[in-house]
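One structure is given below, encoded as C-alpha cells.
The values are calculated or read from the model by the stated rules, or taken from the named source; none is laboratory data. Keep in mind it's a predicted model, so treat the numbers as computed, not measured. When we count neighbours, we look across all protein chains shown, and the Cβ atoms used for this are built from the backbone with ideal geometry, even at glycine. To get the accessible areas, we keep the full protein, side chains included, count just its heavy atoms, and leave off ligands, DNA and RNA. Shrake-Rupley method; radii C 1.70, N 1.55, O 1.52, S 1.80 Å.
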Amino acid sequence: MKTDDYNENDILIESLRNGDERAYTFLIDTYHHKLCIYANSLAKNIYSAEDIVQNVFIKVWEQRTRLKSDHSIKSFLYKLVYNEFIDLYRKNQSLFSLEKTYYDALNSVVLEDDSESFQRVLKVVNKEIESLPPKCREVFILSKKEGLTNIEIAEHLDVSIKTVEAQITKAFSILRSSLEEKVKTVLLLLFGKKKKLRLN
C-alpha cells in the first residue's frame, strides 16, 4: 500500500486496526506536531505537552483494534489529547487555580478582607462551575479557563460554532441565576474580559 493511501480516513483506520506499523508511523508524522501545539495551548508547558501527545499515541496503538472506520481519526486524536490533559491537570492542581494578579481584585469584592473569605468565594464559584451540565461545563472551561476560541472549541468537539456559543451563553445564564451578587462579580473578574458576554 502506498503512503498516500493513508490520507483516506477509513483506509488509515483499517490499516491501524490490522497492526500496520507504516500506518502508525504515518499517523505520528502527520499529527505529532499539530497535537503538540494543541496540547501546549492547554498545558502551557511544552514538556508536559510532549508527554501528553506521547501517551496519546501509545494509547492509540494499544487500543487500535477498537478504532471505528466511520469516526474521524483527527477528531479522535484531539479528544484523546484533551482527556489526557484533564487527567494530568487534575493530578497537579485544582480545577481553577488563580493567578496572583487577580488576588487584589477579588479581595475588593469580598466583605471580609482575609484569605479565608477569598477562598470561600472562590470555592462557591468553582462548585457552581463544576455543577454545570457536562457539555456546558466542558465548553465553558475550554473557553474561559483555557482561552480557546469558539472556532477551536468547535473543531475540538466536532460541533458547530453556534453550538459552542449557545453552551457558553447557557453556562453564564445558569451561573447568573445560581450565584449571589458578590460572587457574580468574582465570576466577571475571572472570565468576563476574554469575551463580550456579561453577567447582567
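Does LYS193 satisfy the condition of being within 20 Å of the chain's Cα centre (by Cα) and modelled with pLDDT under 60?
So LYS193 fits the description; yes.
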Give just the number: which of (1) under 18 Å from the mean Cα position of the chain (by Cα); (2) farther than 19 Å from PHE85 by Cβ does ASN7 not satisfy?
(1)
Suppose we filter TYR38, TYR82, TYR24, TYR47 for residues that are open to solvent by 70 Å² or more (accessible area, probe 1.4 Å) and either free of Cβ contacts under 8 Å to residues at least 60 places away in the same chain or within 14 Å of the chain's Cα centre (by Cα) (or both); which single one remains?
TYR47
Could you please let me know if SER15 is surrounded by 12 or more Cβ atoms within 10 Å (Cβ to Cβ), at pLDDT below 90 and of a type outside the set (A, V, I, L, M, F, W, C)?
no
With the structure loaded, tell me whether LYS68 is in a helix (DSSP H, G or I), more than 16 Å from ASP87 (Cβ to Cβ) and open to solvent by 80 Å² or more (accessible area, probe 1.4 Å) or whether it fails that test.
no
Identify all residues within segment 56-65 that are surrounded by fewer than 16 Cβ atoms within 10 Å (Cβ to Cβ) and either touching a residue at least 12 places away in the same chain (Cβ under 8 Å) or over 17 Å from LEU12 (Cα atoms) (or both); write none if there are none.
LYS59, TRP61, THR65
